[in-house]
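> Have a look at this one.
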Amino acid sequence: MNIGAWMCGVLVVPFAIIGLLFGVFKERATKFVAGFNMFSEKEQAMYDRAAISRDIRNQCFVWSAVMLIGTFLSYFFTAYMAIPTFIIWCFLFFKDVHIDAYKAFEKYLKK
């Protein structure tokens, strides 16, 4: 097995496990969300915890699928297929990163 397949394949399982944990524990898993766990209980009550958990679950499953596809492409074609896989993953990851926690969770405010 080549290094590209290993680099992608190693990340499939952790992303899938995190997605499963957020799927199973639902709202209770939001205490593990960076930034959200820093809010006070009163502030956290203003946000839709189920939607936060659901979005993180879906993100982790998408990341796992991207890495799984990258693993197969790297294994069957060339190890260099890991490069575009990580570029795609970086794009998916950084499009949802915010410096300000309030800005990051503003779409989850209860109406």
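FYI, it's all coordinate maths here, none of it is from the lab. Computed from a predicted structure; not experimentally measured. Neighbour counts are summed over all protein chains in view; Cβ atoms, including those assigned to glycine, are modelled from backbone coordinates with ideal geometry.
> As a check on your grasp of the helix formula, calculate [θ] at 222 nm for the chain: sum -39500 (n - 2.57) over DSSP H runs of n ≥ 4, divide by the residue count, round to the nearest 500.
-21000 deg cm²/dmol
> What angle do you read, to the nearest 10 degrees and between 0 and 90, between the alpha-carbon axis of helix 82-94 and the longest principal axis of the chain?
10 degrees
> Could you grab the relative contact order for the chain? Cα pairs under 8 Å, six or more apart, rounded to a whole percent.
40 percent
> A further question on this structure: Under the rule of at least 5 residues apart or a separate chain, name every residue whose amide H is placed under 5 Å from the amide H of Phe105.
So Phe105 has HN proximity to no qualifying residue.
> Tilt of helix 3-25 relative to the longest C-alpha principal axis of the chain, in degrees (0 to 90, nearest 10)?
That works out to roughly 30 degrees.
> Using just the alpha carbons, could you tell me how many Å³ per residue the convex hull of the chain encloses?
Taking the convex hull of the Cα positions in the chain, it is 92 Å³ per residue.
> Give the relative contact order (percent, whole number) for the range 63-111; include only Cα pairs under 8 Å separated by 6+ residues.
Reported relative contact order: 28 percent.
> Right, something else. Amide H to amide H under 5 Å from Tyr47: which residues, 5+ apart in sequence or cross-chain, H placed 1.01 Å off N in plane?
Here Lys110 satisfy the definition.
> Give me Thr85, Thr78 sorted ascending by neighbouring Cβ count inside 10 Å, so fewest comes first.
Listed from fewest to most nearby Cβ atoms, that is Thr78, Thr85.
> Once phi is turned into θ = phi - 60°, what whole-Hz ³J(HN,Hα) does the Karplus curve with 6.51, -1.76 and 1.60 give for every residue of the range 28-42, x standing for Gly and Pro?
5, 6, 5, 5, 9, 7, 4, x, 5, 6, 8, 6, 6, 4, 5
> Please list, by residue number, every one of the trypsin sites (Lys or Arg not before Pro) in the range 18-98 that is coil in DSSP and has at most 11 other beta-carbon atoms within 10 Å.
Lys95
> Using the number of other C-beta atoms within 10 angstrom as an exposure proxy, rank Ile18, Ile83, Ile3 with the fewest first.
Ile3, Ile83, Ile18
> Apply 1/(1 + (r/R0)^6) to the Cβ-Cβ distance of Met46 and Lys26, taking R0 = 22 Å, and write down the FRET efficiency to the nearest 0.05.
Given R0 = 22 Å and the Cβ-Cβ separation, E is 0.75.
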